[in-house]
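J.: This is the structure I have questions about; it appears just below.
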Amino acid sequence: MRRALVFASIVLLVQSLAFGRTQQDKLEGRWAGTVDGFQGQQAAVATFKKEGDKYTGAISGLRPGADAILKDIKIDGDKVTAKTEVESPQGVVVVTYAFVLQGDSLKGKAEVEFGGQNYAFTFDLKRGGEMPAGAAGGQPAQPPPRREVPQPQQKQSISYFVGEWSFSWIGRESALGPAPREGTAAFTLRPDGKSLDVRTVGKSDNTAFNESALITWDEETKTLTFSERLAGGIQVQSKGDWRSPISIRFTVDPIKVKGQMLQLKRIISIVAAHSFTVTEELSENGGPFVRLGSAIYTKAATTK
């Protein structure tokens, strides 16, 4: 009789352990696979840890060598949603995630609005691997350590701009010009190899406009000097500091227009070989700087 009770206890213990294994949380763990975006297909990893009735986690894949902490992780049936917040020269950029969880497959999209444009990234992840160190034993999940991997960066050179770019500018109207507007800008290298002629053709509310500029480059100081003539005949003089490979910060001379004194702030962010963004703020008559608008420039494909 005693042997029977001992045997029954062992059976119950084994069943209990097996039941516990089958009850592993359907999201918790490590998920690895790929993400497709405007820079092509890249590796991606997501990790999730359940603490009570809430989840913590981290995800990689949108920026080379960087991981972002997932926030507001929620599960509704087979749907998983979350968000990350990424620092940029224009401020905090919010990325939203929407996945479908089916067995060992986690698929979905990340979406972000940047510079007035919407971008989508497609994830295809599979369950696999062990939880990162420190995530076991009831400790909160930590994002994988940031690896010191150099991010792709464009060489500071005036040749970066050579070619034709399409642009879309979204913001508010001002004494400097109408909004929104869109068009193309052609950057042509002069024979000296150190300066560019810029010709911009666009439209705003179906009204065409033309603008021009001369850009000169100082390789030693990594400085761009802009001399612009806007559509209304307004002249804008500025210098851009391009010592950082990812952004150009401008100092713009004060602009007087119809009795108004305007001060412009401008940042160009180098996104990739085929894309850059422009963000502008404006102060009128000594008032506070407020957001004027932003644009995204995309290089036209060349054919041989």
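The values are calculated or read from the model by the stated rules, or taken from the named source; none is laboratory data. Everything numeric here is computed off the predicted structure, so don't read it as measured data. Here Cβ is always computed from backbone atoms with ideal geometry, including for glycine, and neighbour counts include all displayed protein chains.
J.: Give me the residue from the stretch 101-115 that is among the hydrophobic types (A, V, I, L, M, F, W, C) and within 15 Å of Thr34 (Cα to Cα) and, out of that set, modelled with the highest pLDDT. Working first, answer last.
T.: Here is the first cut: in the stretch 101-115, the residues among the hydrophobic types (A, V, I, L, M, F, W, C) are 101, 106, 110, 112, 114.
Checking which are within 15 Å of Thr34 (Cα to Cα) leaves us with 106, 110.
Working: Leu106: 93, Ala110: 90.
Ranking the qualifying residues of the stretch 101-115, first place goes to Leu106.
J.: Report whether or not Gly138 is modelled with pLDDT under 60, small (Gly, Ala, Ser) and within 24 Å of the chain's Cα centre (by Cα).
T.: On the way: modelled with pLDDT under 60: yes; small (Gly, Ala, Ser): yes; within 24 Å of the chain's Cα centre (by Cα): no.
So Gly138 does not fit the description; no.
J.: Sticking with this one: I'd like to check something: does the stretch 257-269 contain any residue that is out of contact with any Lys or Arg (no Cβ under 9 Å at 6 or more places or on another chain), more than 14 Å from Ala175 (Cβ to Cβ) and at pLDDT below 95?
T.: Start the filter on the stretch 257-269 by keeping residues that are out of contact with any Lys or Arg (no Cβ under 9 Å at 6 or more places or on another chain), which leaves 257-261, 263-264, 269.
Next, from what is left, pick out any that are more than 14 Å from Ala175 (Cβ to Cβ): 269.
So of that shortlist, the ones also at pLDDT below 95 come out as 269.
For the stretch 257-269, residues out of contact with any Lys or Arg (no Cβ under 9 Å at 6 or more places or on another chain), more than 14 Å from Ala175 (Cβ to Cβ) and at pLDDT below 95: present.
J.: Check the stretch 30-44 and report whether any residue there is outside the structural domain of Phe276 (by TED's automatic domain parsing), at pLDDT below 90 and assigned to a loop (DSSP other than H, G, I, E, B).
T.: Yes, that holds for at least one residue.
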